[in-house]
Protein chains: 2
Amino acid sequence: MENATLYTRVRPAGGEPTSVLVRDGRIQALGGAAPEGVPVVDGGGALLLPGLIDAHAHLDKTMYGMPWYRNEVGPRLIDKIENERAEKTRLGIDPYRQSARQLVMSIADGTSHVRSHVDVDTDIGLGAIEGVMRAREQYRDQIDVEIVAFPQSGLLIRPGTLELMDEALRMGAEVVGGLDPAGMDRDPKGHLDAIFGLADKHGKPIDIHLHEAGELGAFSMQMTIDRVLALGMQGKVTLSHSFCLGMPDTQAVQALTEGLLEAGVHIMTTGSASRPVPNVARLRQAGVTVCTGNDGMRDTWGPYGKPDMLERTMLVGLRNNFRRDDELAMALDVATYGNARVMQLADYGLAPGCHADFVLVDAETVAEAIVARPVRKLVVKRGRVVARDGRALAEAP
Amino acid sequence: MENATLYTRVRPAGGEPTSVLVRDGRIQALGGAAPEGVPVVDGGGALLLPGLIDAHAHLDKTMYGMPWYRNEVGPRLIDKIENERAEKTRLGIDPYRQSARQLVMSIADGTSHVRSHVDVDTDIGLGAIEGVMRAREQYRDQIDVEIVAFPQSGLLIRPGTLELMDEALRMGAEVVGGLDPAGMDRDPKGHLDAIFGLADKHGKPIDIHLHEAGELGAFSMQMTIDRVLALGMQGKVTLSHSFCLGMPDTQAVQALTEGLLEAGVHIMTTGSASRPVPNVARLRQAGVTVCTGNDGMRDTWGPYGKPDMLERTMLVGLRNNFRRDDELAMALDVATYGNARVMQLADYGLAPGCHADFVLVDAETVAEAIVARPVRKLVVKRGRVVARDGRALAEAP
């Protein structure tokens, strides 16, 4: 049997030890012995997790590997956006190089797929899209990258951006991005018309950054839900952050939740500790698909973050006061199967027939893997080892 | 010159490289050359930080090194307290062994001082106090431990506890603990009378766990402030958690803040992501001393936590939305000088004359040390190396 490996003594989700037969990049069988001539890798009793997924990254923004950026930025959203646009050029934040660096760190931490928002604006044009596409091509055998064309500096308030977004989608960006329809563009109807128009034209899903809190966010969320229902885009729209779902008015949140469910709109939360946030358990109980990601890391917005999705899962758990093992298992489900559902990944998981994207870590249980975040012992992507003992085999520029 | 070492090329708080001359356990000089015969240790440009302090630990509770504890505990405070009291015996959570394990991890992570609350109740009696005292004695040259006699299961509602608290203080516990005067004992006046009585009898400071949120917590906080002023105990009382300071009523919070300042009452916050929390920047701006600690870690209450005070500082920063370098420096000041002030540590810091308790880490700036949490390169306690490259020289049982 060619192109095959048997991984023995691995414990799926912390259960009993078993074996995984990988062939031609897919999981062929669980629990069997090695067919003749197939090499055996001893998992040593490690926990087996499906490939971790980062469903909300900003690969083009990170400053990892560059000199420390002294953050003296003002408190408003617009301060951070304008500061970033100016600093990008001044500091030479190269989208290709920086994406590549973050991808290599993500590979080392066991991430198999990334959805990255990538800035499109009238200063940088399509330069960031091109840079991330170049990095994605370079590491295509180690990690899958999905690109969201993201109008970070506004869509309607910066004429020319819509045409650039259109071009980014033509070039191969997979998702239409959006940003605070009311708060940023000051024209929620116009903003939503524009991005739903792009999605319709290119036949692509939508992922909108919705920072708007409280009743303003609820208004934009409801407008989005209405459009999804009117246009039949159920299952194809994600609202990232959605701080409005953390507002104190539980009746309003309940009504929005029912709307999200009906429209099949997904919610992305990073578990931000300093903002009101969606309640993960309640959304999931209602049937809404929840996904998560690391968001920006070590960039001009803020210094925090590692590409480690187990650390992100811990932060989501801390924010949601998840203490029980079943609650932490739910958080990991968000960071794996929830993310896969939102990104519509085919054949994701640990069942026979799935792509052989998985991670081995030394931990007794799923909960321990999340809170201890051990070095990844082995990371496998489509059947090939791509990282070992916390180090990616690929190199970063 | 005997008992001396010169550490060269170290950068205090990330500034210019300098040298530190250590002699007889104290910092003797900064910036000089090596006197004849004094061994030189090359710091290699590492960041120099004063010993990190954990001002709120529960050394007797951790389950590190034991089999994974599957958490299926209910959501109320009393569920966690009663579950813990039962599980302690069933699982054999030995206070000496577990304290020792956590202390060795703390040493490895650069912690020079710990204030630990230690359970006193009518089941365990003084067993936990004795166990932590034994561990403290064993590691006395590597780390300093201060013990708070803590009535975790209630003071007045469990007759006999007050007498045990009295005995714990007589045995050498340094601080009188308390817990939710209204919420736990259902008798705020009685609870506060009892612990202020103990403090007066033994001449010791007070540290009260105040989980009570909103107006109830504000009531207990104000009662505490009133007693401090009436009894002249300014500077000697800490209110841990103080979730009531995170309530939406900013006028009430402002009034409490003025009371805290007048009474010299300190506030301990862990930066809990799932509860309302005190605003660190506003309290400090008002002149209130803020301290922080890791709280319980990997125990029957919850699975989270590492003994790493840089990670705690990051969590405080995330919760308070600290993004700027000056804000992160403030967070580290809380975890070092703020904690030292609350624990009334003499000769703490990096100035000549201070105890030589310090940490070297490979980081460009203080902010980077907090967000990246690098392995501690070298940890020095009273002039002696106690940990290197993330490993304590002492061993745990």
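With all protein chains present and a 1.4 Å probe, how do A:R115, B:R227, B:R134 order by accessible area, largest first?
Order by accessible area, largest first: B:R134, B:R227, A:R115.
Using only alpha carbon pairs under 8 Å that are at least six residues apart, calculate the relative contact order of chain A and give it in whole percent. Write out the running numbers ahead of the final one.
On the way: 905 pairs, mean separation 84.1, N = 397.
Reported as a whole number, the value is 21 percent.
Report the relative contact order of the range B:11-139, percent, no decimals, based on alpha-carbon pairs under 8 angstrom and at least 6 residues apart.
Reported as a whole number, the value is 27 percent.
Once ligands and nucleic acids are excluded and a 1.4 Å probe is used, how much of B:L231 is accessible, expressed in Å² to the nearest 10?
Number for this one is 100 Å².
A:P159 label points, 7 Å along Cα→Cβ, one per copy: pairwise distances from this copy to the rest in nm, shortest first?
8.5
Tell me which residues come under 5 Å, amide H to amide H, from B:H113 once H is placed; ignore anything under 5 positions away on its chain.
B:D54, B:D144
Under the rule of at least 5 residues apart or a separate chain, name every residue whose amide H is placed under 5 Å from the amide H of A:N294.
Amide H to amide H, under 5 Å and 5 or more residues apart or across chains, A:N294 pairs with A:A55, A:H56.
So what's the net charge close to B:P181: Lys and Arg +1, Asp and Glu -1, counting the other residues with Cβ under 12 Å from its Cβ?
-2
Could you order peptides A:89-102, B:12-25 by the average number of other Cβ atoms within 10 Å of their residues, highest first?
On the way: A:89-102: 19.5, B:12-25: 16.9.
In descending order of packing, they fall as A:89-102, B:12-25.
Give the ranking of B:L155, B:L261 by solvent-accessible surface, highest area first, calculated with a 1.4 Å probe.
B:L261, B:L155
Taking all protein chains in place and a 1.4 Å probe, what share, in percent, of the accessible surface of the range A:69-185 do carbon and sulfur account for? Write down the numbers at each step before the final one.
Values: 1950 of 4070 Å².
Within the range A:69-185, the accessible surface is 48 percent carbon and sulfur.
Return the percentage of antiparallel bridges among DSSP beta bridges fully within the range A:52-343, rounded to the nearest 5 %.
Restricted to the range A:52-343, the bridges split so that about 5 percent are antiparallel.
For A:L229 and A:A286, what does the FRET efficiency come to when R0 = 22 Å and r is the distance between their Cβ atoms, rounded to the nearest 0.05?
That gives a FRET efficiency of 0.85.
Buried accessible area for the B:A pair, summed, 1.4 Å probe, in Å² rounded to 100?
3300 Å²
Could you give me the percent of Cα pairs per 20 Å distance bin for the protein assembly as shown, shortest bin first, beginning at zero and ending with the bin that holds the maximum distance?
16, 46, 33, 5, 0
Per residue of B:314-323, count partner chain C-beta atoms within 10 Å of its C-beta, then hand back the mean as an integer.
5
Of the listed peptides A:199-210, B:300-311, what is their order by residue-averaged count of other C-beta atoms within 10 Å, with the highest listed first? Display every interim value, and only then the final one.
On the way: A:199-210: 19.9, B:300-311: 23.5.
So the order, starting with the most tightly packed, is B:300-311, A:199-210.
Put a label point 7 Å from Cα along the Cβ direction on B:P374, then list its distances to the equivalent points in the other copies in nm, shortest first.
Between copies, matching label points for B:P374 lie 2.6 nm apart.
Find out how many positive minus negative residues lie around A:A281, taking Lys and Arg as positive, Asp and Glu as negative, among other residues whose Cβ is under 11 Å from that of A:A281.
Once positives and negatives cancel, what remains is +1.
Would you give the gap between the C-alpha center of the range A:1-75 and the C-alpha center of the range A:342-359, rounded to a whole Å?
One Cα centre to the other: 11 Å.
Skipping prolines and chain starts, which residues have an amide H placed within reach, meaning under 5 Å, of the one on B:R376, given they are 5 or more residues away or on another chain?
B:G390
Determine which chain B residue has its Cβ at minimum distance from the rotation axis mapping B onto A, giving the value in whole Å.
So the closest residue, with its distance, comes out as B:A273, 2.
Find every distance from the label point of B:E16 to the corresponding label point in the other copies (7 Å from Cα along Cα→Cβ) and write them in nm, one decimal, shortest first.
6.8
How large is ³J(HN,Hα) for each residue in the range A:63-71, as worked out from phi by the Karplus curve 6.51 cos²θ - 1.76 cosθ + 1.60 (θ = phi - 60°), to whole Hz, x for Gly and Pro?
Along the range A:63-71, the couplings run 10, 3, x, 9, x, 4, 9, 7, 7 Hz.
Within chain A, how many lysine pairs that are 8 or more places apart, or on different chains, have C-alpha atoms less than 15 Å apart?
Step by step, the pairs that qualify in chain A add up to 6.
For B:Q344 and A:D42, FRET efficiency with R0 = 45 Å and r from the beta-carbon atoms, rounded to 0.05?
0.25
Percentage of Cα-Cα pair distances in chain B greater than 34 Å, rounded to whole percent?
Numbers: 21428 of 78606 pairs.
Roughly 27 percent, rounded to a whole number.
Could I have the simple spin-label model distance between B:A33 and B:R170, label points 7 Å from Cα toward Cβ, reported in nm to one decimal?
Using points 7 Å along Cα→Cβ, the separation is 6.1 nm.
Could you please tell me the mean projected area of the C-alpha convex hull for the range A:354-397, averaged over all directions and given in square nanometres to one decimal?
3.8 nm²
Add +1 for every Lys or Arg and -1 for every Asp or Glu among the other residues with Cβ under 10 Å from the Cβ of B:H211, and state the total.
-1
What does the highest-first list of B:56-62, A:159-165, B:329-335 look like by mean Cβ count within 10 Å?
Averaged packing, sorted descending, gives the order B:56-62, B:329-335, A:159-165.
The values are calculated or read from the model by the stated rules, or taken from the named source; none is laboratory data. All of these numbers come straight from a predicted model, not from anything done at the bench. Ideal geometry is used to build each Cβ from the backbone, glycine not excepted, and the neighbour counts take in all protein chains shown. Calculation scope for accessible area: heavy atoms of the full protein, side chains included, ligands and nucleic acids excluded. Shrake-Rupley method; radii C 1.70, N 1.55, O 1.52, S 1.80 Å.
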